1. Starting from the Kirkwood Rh over alpha-carbon pairs, what translational D in µm² s⁻¹ does the stretch 55-137 have by Stokes-Einstein at 20 °C and 1.002 mPa s?
2. Place +1 on the Cβ of every Lys and Arg and -1 on the Cβ of every Asp and Glu in the stretch 99-148, take the dipole about the Cα centre, and give the residue among Thr136, Val105, Gly146 whose Cα lies farthest towards its positive end.
3. What ranking of Val61, Val115 comes out by heavy-atom accessible area, probe 1.4 Å, highest first?
4. Only Cα pairs under 8 Å and at least 6 apart count here; give the relative contact order of the stretch 41-97 as a rounded whole percent.
5. Applying the Karplus parametrisation 6.51 cos²θ - 1.76 cosθ + 1.60 with θ = phi - 60° to the phi angles of the stretch 148-162, what ³J(HN,Hα) value in whole Hz is obtained for each residue in order, glycine and proline being reported as x?
6. With every protein chain left in place, what is the accessible area per residue of the stretch 54-197 in square angstrom, probe 1.4 Å?
7. Taking only the C-alpha atoms, wrap a convex hull around the stretch 85-181 and report its volume per residue in Å³ as a whole number.
8. How large is the direction-averaged shadow of the alpha-carbon convex hull of the chain, in nm²?
Amino acid sequence: MDWSLVPEPVKAAASPLANKDDDLWKAEEFDLTKAVIDAITMLTTTGAQAGELASGIYIGVSSLSQTVLVAAREQVATLVSQVTETNRKLIREAIKQSIARGEDVAGTIERIKTVVNNPVRAEMIAQTESVNAYRTGLKNFAVETGAKTKAWESLEGACTTCKPLDGEVVEIGEKFSNGSDHPAAHPRCRCGVYYQY
């Protein structure tokens with residue numbers, strides 16, 4: 001495929017430099033943010049409220065609490081950035097494969113659609129980010145109410161990454177030995193964390 005013969009510039013190019021100001025990427029980031037901000041805020045709130053119940057310390061956490069709003073915005077910004085960068089990489093790889101296979105533009109478009117519009121990937125992101133939002137709310141509550149330490153809790157049958165962390169206790173502001181602040185350690189991680197006062 002001779003891409004120089006394409007009459008118009010390709011929008012939403014995979015290179016961050018080539019599309020630094022590309023409106024299609026900006027629109028994707030905006031749409032993704034709009035789609036997830038309410039759910040992430042609710043899950044962050046739920047995590048903090050679970051902390052209230054577990055500790056018996058009630059500080060009136062709601063979806064309008066400043067710590068919840070800040071944590072949710074930070075998590076959404078990170079998620080959107082990661083998804084967008086992953087999509088760029090997937091598109092870049094799809095284009096490489098199309099060029100290597102000599103596919104025409106229509107074939108390349110279909111390859112890109114298949115890679116980016118992946119329902120399994122979408123479900124994995126939703127599951128992992130739900131856990132992350134809940135854990136962020138729980139951690140912010142623990143910090144705000146004076147928890148001293150946190151302990152990693154791996155479930156029965158945990159993966160080889162998480163199993164060695166089971167029961168590891170660190171100071172509230174420290175990271176666990178795997179470099180994580182709290183679970184999830186990887187996509188679909190089912191581990192938990194509990195805070196000690």
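The values are calculated or read from the model by the stated rules, or taken from the named source; none is laboratory data. The model shown is predicted, which means the values in this text are computed figures rather than measured ones. No Cβ is skipped: glycine too gets one built from the backbone with ideal geometry, and neighbour counts run over all protein chains shown. Quick note on the areas: whole protein, heavy atoms, side chains included, nothing else; ligands and nucleic acids left out. Shrake-Rupley method; radii C 1.70, N 1.55, O 1.52, S 1.80 Å.
1. After rounding, the answer is 138 µm²/s.
2. Gly146
3. Val115, Val61
4. Once normalised by length, the contact order is 32 percent.
5. 9, 9, 9, 10, 7, 10, 8, 7, 4, x, 4, 5, 5, 6, 8
6. Solvent-accessible surface per residue comes out at 55 Å².
7. 142
8. 13.5
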